[in-house]
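Structure first, commentary second.
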Amino acid sequence: MKRSIILLVLLALAGTATLGAQTTTPSTSLDYDPIRKGDQFIHVDLGLSVPLFYLTPDGITADTNLDLGGAGRIGYSRFITSRMSLGGFFGFSFNQTLGENTYLALPMAIRASYEFVFNRIHVPVSFSAGGMYQTYRTRNYFGFMLKPEIGGYYRYSPDWSFGANLSWDFVPQWYDTSSDNRVGNFFDVMVGLRYHF
């Protein structure tokens, strides 16, 4: 009987000690970064090429003799920090002329971007520099090109995002005779798809 009473007292003390003890959960921290250094993506863009004006030695010429055209590109980028990426692209653009001929341009460039992130919305601001092969009827020209752009993408899943880009193409043509020099200015509006890996 004594043993039963001692055992009940010990169990009661153990129970009150357990009730009095504070239960603590281990502190955990989960930080989600939507972009990590080393992340990569492939992008495909299609849209419109809008001829704006030419810069000539005599000033601005708004009459480009080109109609609204199409543009597209495929490219690759890799993040060197959690927001900055480097990559490149190959593309095409075409515009019909008033004489129903086709002006064709094939750009290739390296591209540096900084990506602003607002939850699932990503806003890349990019600058590209490279070369562009241009052809019109029997005339061909390969020259320098610059392309600043801004985009907006929705990160649908870890692998896919889709959105749109606006870019401005500066396309100079420099000749031995300076009066023939031109800088074409084109505005591109494209929708895009990105595959992240």
Exercise. Within the set of pairs 6 or more residues apart or between chains, which connect a residue that is without any contact (Cβ under 8 Å) to a residue 40 or more places away in the chain and in a strand (DSSP E or B) inside the stretch 142-157 to a residue that is of a type in the set (D, E, K, R) and surrounded by 14 or more Cβ atoms within 10 Å (Cβ to Cβ) with Cβ atoms less than 8 Å apart?
Worked result: 145/169; 146/169; 149/188
Problem set entry | Filtered residues of the stretch 110-145 (kept if under 14 Å from the mean Cα position of the chain (by Cα) and crowded, with 17+ Cβ neighbours inside 10 Å) | 111, 113, 115, 122, 124, 126, 128
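Give the residue that is farthest from residue 61 (Cα to Cα), with candidates limited to residues of the stretch 166-196 that are in a strand (DSSP E or B) and out of contact with any Phe, Trp or Tyr (no Cβ under 9 Å at 6 or more places or on another chain). Let's see the steps before the verdict.
If we filter the stretch 166-196 for residues that are in a strand (DSSP E or B), which is where we start, we get 166-173, 182-196.
If we keep only those that are out of contact with any Phe, Trp or Tyr (no Cβ under 9 Å at 6 or more places or on another chain) too, we end up with 189-190.
On the way: 189: 22, 190: 25 Å.
For the stretch 166-196, the residue satisfying everything is 190.
Inside the stretch 51-69, can you point out the residues that are more than 18 Å from residue 173 (Cα to Cα) and of a type in the set (A, V, I, L, M, F, W, C)? Explain how you work it out, then say what you get.
Pass one, the stretch 51-69, residues more than 18 Å from residue 173 (Cα to Cα): 67-69.
Across the stretch 51-69, the qualifying residue is only 68.
Read-outs: derived from the displayed coordinates by stated rules, not from any lab. Computed from a predicted model, the values in this text were never measured in an experiment. So basically every Cβ, Gly included, is an ideal-geometry build from the backbone, and we count neighbours across all protein chains shown.
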